[in-house]
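Input: a single structure, listed below in structure tokens.
The values are calculated or read from the model by the stated rules, or taken from the named source; none is laboratory data. Predicted model, so just to flag it, every value in this text is computed and none were measured. Using ideal geometry, Cβ is built from the backbone for each residue, glycine included, and neighbour counts are taken over all protein chains shown. We work out accessible area using only protein heavy atoms, side chains counted, and drop any ligands, DNA or RNA first. Shrake-Rupley method; radii C 1.70, N 1.55, O 1.52, S 1.80 Å.
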Amino acid sequence: MHIHHWREFPYYPAEARSSVIDLESRSRSQVRVLTEVGRALAVARSAREIEETVLSAARQLGGAGRAVLILNDDEGRPVVRSSLGLDPALVAELRGRPLPSFDEGVARALHGSAHVVAAPLILRDRISGVLAVERFRQASDEDAWLLAALADQAAVALASADGQAPPVPEGAGEAAAGELDARLEVDVQRERYRLLARAVKDPIWDWDLRTDQVERNEIFHEVFRYAPAQTSPTGAWWFTRLLPEDRDRVARRFEELLRGSGDSWSDQYRVYRGDGSVAHVFDRGSVLRDARGEAIRMVGLTVDLSERFRIESALQDREDRLRLATWAADVGTWRIDLTTLFDTRDASLNRILGLEERETTQAMDDWLSRVHPEDRDAVVAAHQRTLREQHVYDIIHRIVRPDGAIRWVHDRGRLISDRGGSPLFLTGAVVDITELKQLEGERADLLRREQQALAQSEKDRLRAEDANRMKDEFLATVSHELRTPLTAILGWARLIKERELGPDRVKQGMAAIERNAHAQAQIVDDILTVSRIITGKLRLNTAAVDLAAVVEAAVDTLTPTARAKDIEMCVELDDAPGEMSGDPDRLQQVMWNLLSNAVKFTPKRGRVTVRVGRSDAQVVIAVSDNGKGIAGSFLPYVFDRFRQGDSSPTRAHGGLGLGLAIVRHLVELHGGTVDAESLGEGRGATFTVTLPLNAAPFGAREEPPPAPWRVALEEGEPAPLCGLHVLLVDDEPDAREMIAFLLEGAGAQVTTAGSMGEAMGVLERLRPDVLVSDIGMPGESGYTLIRQVRAAGRDEIRGIPAVALTAYARIEDQRRALSAGFQKHVAKPIDPAGLVNVIVELAGRP
């Protein structure tokens, strides 16, 4: 037999040598034995005491029959130093006699064994001996690890007991001897730390908080897949490897520890490995503080939990195997004497209960007092059923420790009877299954969250499908609403162009073209308003508003349309609502949308009523009709964008489904609310707007805008632009010719240009009074033109009044034009009289 260190021992497969032993799979009793051995070796004072402790522990760990400890003598030759279970004659033959090798010694001492496990004693990277035990079955990876850990402890303890230190120099005195003893103690402690770091299969770290220097054991590089050159021995480097989502939280808790007075820290977080993958870890450490209470050092251990997260799918199988291993292990045991009703608990069971770890005997009531109050009746019933029916006692319940901690245990036992069948004892074992219960809770929580995620995913899918359907319906509706007036515009334009129509027919066609062009402009305005609402760019221009005037203006605007359908329009004003602070144009838009909606859905000879009244510090405006009404299923969505009660091709009323959405947003911008009520289809509807009645402060009120210039363009009236020279710049020939014709008809002299270059050439040659320029032009825009004009060297060019004529009609477009250098912004499609009035105003005409 050839002896190897356990990591190379041929009895174990190759994968065992490279794998990290799972701490959860070790038997609790075996780990406990290792702990107890460490304590015993720490207080042992003789080599003989150490040897007996190590051999006894070796047999207990592996359930072995025989054990032998072979150490090097002073000349470095293997010698049997101690044994257990060997034949006395064989012991006498081997003791003190040098052996050819460790292998030969193990083979002779344990001759005839079915299986042998051996582990070397290593001190300062040299083999000083070997610990070997006989086993009745094949050794597992766990058995090998435990024996190697025991051998490491034995090596350090024997080195300390033997006093492996250089002799004290002659004449050095007691001081020198004391110094050497201190060095030996330091060396032994360092060796113990090195062996512990090598035996533990988790990264260990030692952090000097004053210098930020961190010492890590070798397993750190294996667990986190870092080459030594990739790491830095500092705490700051490790914090950079934490995921950003966890970094601030961990740093904050760590700072709280350092500023406080605690002596321990733990946290769970995610960290990048050297290969870029992510590990879930549980990190914990203890703090060393100086006399002032300042933290100066931390020592801790990092546990990689990634495997736990990865194997959730196999949790049930792990639980079954863990239950079996726990049952088979040496766990807490108890025995109840059914005659005296006293129970005897071993040290392990008292440890589970949070008591002193020693065997005790006490009345059975003491056990019941430690059972959780909510589980006590069930435990008593299980005891009674076992005694009555004489079957296995088996129950899972909670216990309460003296410190208040609650633990879950699996309590299982059976009756022991005399030969006559009378029960004498009830004996059994208790397994702490708190961790299993926690895993079950986590699994149930994962399942619940997965089900919630699936349900949410289904809701999101339905919502996305609904949004997609609404988008398709909206696009189809936009196409329909734009094509409908376009049909009339193009139709009448071709008839007027291609046929010789009478004056009445031409007048009728022109009216239809104008009416449908206004309808298209309204559609575009609604879409732009909704766009500003969605992007949050819609702003109010507040002033003092007379609500009564706003309502009456909207009613006057819709009265012709209502009269065409023989609809009665009624306005009921209570006491004068007074003035409020608001945007008059937007409030006018609210009223127009509500009234036009009511008129649209009210049949001929119907009735639309507008009521305005005050309630405390609010004004209430209600628009009611006796028209089509609103279905109950659609009522909650009536103010949603793109929503229509009927979006089918056979619908009786047009529109984009934007008007009411605009109403709600404008009302909310004013700090108010809007509600819709309807008793159902065919029973009319009522829309109620509630606005806060806050009068605008005197200093904040704006003066009403000056009345616009009223310019008559009919024949015989004086031409308002007579004597003015206008430079018109537009890249679109049709628009340029139409506007030029319009301005010439108003008396202006018009020079046209199709690009910025042409316009600058005209300005160099001529002296126009006003510049009217389009904004959107290919190559160089109207913004570029106005910047060059304002930067010109000649005063007459630099100071020319300028009007921006553009289809970009948003508020931000108007601001941009004015900031670029234009004095006025006119949106397309233009109002001819409005454009003439703007030019007259810029030219300074009275």
How many of the residues making up the range 818-842 are of a type in the set (G, A, S) and modelled with pLDDT of 90 or more? 3
From D394, D377, residue being free of Cβ contacts under 8 Å to residues at least 12 places away in the same chain and surrounded by fewer than 15 Cβ atoms within 10 Å (Cβ to Cβ): D377
Go through the range 102-135 and report how many residues are within 24 Å of A161 (Cα to Cα), open to solvent by 20 Å² or more (accessible area, probe 1.4 Å) and not in a strand (DSSP E or B). 3
Helices (runs of 4 or more DSSP H) wholly in the range 750-837 with at least 3 residues that are in contact (Cβ under 8 Å) with a residue 40 or more places away in the chain, more than 30 Å from R515 (Cα to Cα) and open to solvent by less than 20 Å² (accessible area, probe 1.4 Å) - which ones? none
Report yes if A329 is open to solvent by less than 30 Å² (accessible area, probe 1.4 Å), modelled with pLDDT of 90 or more, under 16 Å from G428 (Cβ atoms) and of a type in the set (G, A, S), otherwise no. no
Considering residues of the range 424-452 that are in contact with a strand residue (DSSP E or B) (Cβ under 8 Å, 6 or more places away or on another chain) and either open to solvent by 50 Å² or more (accessible area, probe 1.4 Å) or acidic (D, E) (or both) only, the residue farthest from H383 (Cα to Cα): K437
Enumeration of residues in the range 443-472 that are charged (D, E, K, R) and in contact (Cβ under 8 Å) with a residue 24 or more places away in the chain: R443, K471
Here the residues within the range 719-742 that are within 18 Å of I800 (Cα to Cα) and open to solvent by less than 30 Å² (accessible area, probe 1.4 Å) are L721, L724, H725, V726, L727, L728, V729, D730
Within the range 188-200, tally of residues that are open to solvent by less than 30 Å² (accessible area, probe 1.4 Å) and either at pLDDT 75 or above or touching a helix residue (DSSP H, G or I) at 6+ places or on another chain (Cβ under 7 Å) (or both): 4
Considering only the range 76-87, I want to know if a residue exists there that is over 18 Å from A159 (Cβ atoms), in contact (Cβ under 8 Å) with a residue 12 or more places away in the chain, open to solvent by 20 Å² or more (accessible area, probe 1.4 Å) and assigned to a helix (DSSP H, G or I). no
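Within the range 689-705, can you find the residues that are open to solvent by less than 30 Å² (accessible area, probe 1.4 Å) and either modelled with pLDDT of 50 or more or closer than 14 Å to N626 by Cα (or both)?
V689, T690, L691, L693 - these are the residues of the range 689-705 that are open to solvent by less than 30 Å² (accessible area, probe 1.4 Å) and either modelled with pLDDT of 50 or more or closer than 14 Å to N626 by Cα (or both).
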Quick one: count up the residues across the range 717-749 that are touching an Asp or Glu at 6+ places or on another chain (Cβ under 8 Å), in contact (Cβ under 8 Å) with a residue 24 or more places away in the chain and assigned to a helix (DSSP H, G or I). 2
Cβ-Cβ under 6 Å, sequence separation 6+ or interchain: first residue in the range 501-513 and open to solvent by less than 100 Å² (accessible area, probe 1.4 Å), partner part of a helix (DSSP H, G or I). Which pairs? V506/I496; G509/W492; G509/I496; A512/A488; A512/W492; I513/I489; I513/W492
Hand me the list of strands (runs of 3 or more DSSP E) wholly inside the range 209-307 holding 2 or more residues that are open to solvent by 30 Å² or more (accessible area, probe 1.4 Å), farther than 26 Å from L439 by Cβ and out of contact with any Pro (no Cβ under 9 Å at 6 or more places or on another chain). 278-289, 295-304
In the range 381-391, the residues that are open to solvent by less than 50 Å² (accessible area, probe 1.4 Å) and either outside any helix (DSSP H, G or I) or among the β-branched types (V, I, T) (or both): T386
V409 touching a residue at least 60 places away in the same chain (Cβ under 8 Å), assigned to a strand (DSSP E or B), out of contact with any Gly (no Cβ under 7 Å at 6 or more places or on another chain) and open to solvent by less than 50 Å² (accessible area, probe 1.4 Å): no
Looking at the range 412-433, can you tell me whether even one residue there is under 17 Å from G332 (Cα atoms), of a type in the set (A, V, I, L, M, F, W, C), touching a residue at least 12 places away in the same chain (Cβ under 8 Å) and outside any strand (DSSP E or B)? yes
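Does G747 meet the test of being on the phi > 0 side of the Ramachandran plot, small (G, A, S) and out of contact with any Ser or Thr (no Cβ under 8 Å at 6 or more places or on another chain)? Walk me through how you get there before you give the answer.
Working: on the phi > 0 side of the Ramachandran plot: yes; small (G, A, S): yes; out of contact with any Ser or Thr (no Cβ under 8 Å at 6 or more places or on another chain): yes.
Criteria met by G747.
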Residue pairs within 9 Å by beta carbon, gap of at least six or interchain, first lying in the range 240-265 and without any contact (Cβ under 8 Å) to a residue 40 or more places away in the chain and under 24 Å from E294 (Cβ atoms), second open to solvent by less than 60 Å² (accessible area, probe 1.4 Å) and part of a loop (DSSP other than H, G, I, E, B), listed first then second, are E256/G262; S261/G293
